[in-house]
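Here is the structure we will look at.
Only the coordinates and a few stated rules stand behind these numbers; no lab work does. Quantities reported herein were computed from a predicted structural model and do not represent experimental measurements. Cβ atoms come from the backbone with ideal geometry, glycine included; neighbour counts cover every protein chain shown.
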Amino acid sequence: MGISKITKSVRKVLPLRRCGAVIVAAGTASRMGGIDKVMAPLKGEPMIVHTVRAFQNCDAIREIVIVTREDLLVPVMDLCHRFDKVQAVIVGGASRQESVERGLDMMSVGTKLVAVQDGARPLITWQVIDRTVRAANSYGAAAPAVPVKDTIKVVTGGIVKETPDRSTLQAVQTPQVFDLDLLKGALAKARMEDAAVTDDCSAVERLGMSVKIVEGDERNIKVTTPVDLKIAELLLEDGL
C-alpha cells in the first residue's frame, strides 16, 4: 500500500517533458463521396485548420508536424504557415503506420513525447490534448476515450457469437500520446512482423505495455463520411 501511494505521488510531480505532435492527414477519404475531408469546409475554414489550431493553442505541445498527401502538400503549407508551432509539412507513406513513422522521424532533438492525431478530428480541444499529454508524461502511453453507448456484438458470418459487457468497453479517440522512443520501437516491430495494428495504442500494447485512458470528449468525432461532416458542422455552428 505504501509503495502504491509513493508511486502515485511521484507521478503527480513529474516535470512535463517536451511533447511534439504528428497530425496525420494523408488518407484518400474513400467514404466521403468525392469530398476531400482534409480540405472540407467547416465554419468557413478547411477541416485541417481546425485540427491544427487546437494543437497550436495547447501549451503542452511544443512543435507540430503535419503528414499529408503529395497533392495537398502546397495547399496545407499555405493554410498552416500562420501557426508558428508547425515545423514541417511532409508527404505521407503508403499506409497510416508509415505516415506516422515519417512524422516521428521529423521530431526535434530533445522531444521526449509525441501526440499522434487524426487530421479528421477537427473538434479536438486543447483541454483533451493537455490531459492526455500529462497522463503520458507519467505513464508512458495515454489516450482519450468515451464510454460506448450502444450494445456491441461480436459477429462472424452474419451470426452473433458474443455480446461483450458494455461497461468494460470504451471508444478510443486521438490524440494518442507516447514516449517517443517507445512508439518508434513499437511501430518498427509491428512493421517487421507485418502485424496489422488499427491504432498506435495497439502497436504499444503488442509490447506488453499498458495504456492509460483519460476522459475523452463525445464531440471529438472522426469525420469519415458526409454524415460525420454534417454533424461536425452543426456542432461548430452551435458552439457545442
| task | Give me Leu113, Leu42 ranked fewest to most by other Cβ atoms within 10 Å of their Cβ, as a rough exposure proxy. | result | Leu42, Leu113
| remark: Taking a crude spin-label model, label points 7 Å out from Cα along the C-beta direction, the Asn57 to Ala196 distance in nm is 3.8 nm
| task | For Leu73 and Ala188, calculate 0.36 nm times their separation in residues minus their Cα-Cα distance, and state this gained length in nm to one decimal. | result | 38.9 nm
| field | Choice from Val100, Val160, Val172 showing the highest fluctuation, given a GNM over the chain with Cα pairs closer than 10 Å | value | Val160
| field | Lysine pairs in the stretch 16-238 with Cα atoms under 19 Å, if 8 or more residues apart or on separate chains | value | 11
| task | Considering only Pro122, Pro147, Pro164, give the residue with the highest GNM mean-square fluctuation for the chain, with springs between Cα atoms whenever their separation is below 10 Å. | result | Pro164
| Calculated FRET efficiency, Lys161 and Lys43, Cβ-Cβ r, R0 45 Å, to nearest 0.05? | 0.55
| request: For a footprinting-style exposure proxy, rank Glu70, Glu98 by other Cβ within 10 Å, fewest first. | output: Glu70, Glu98
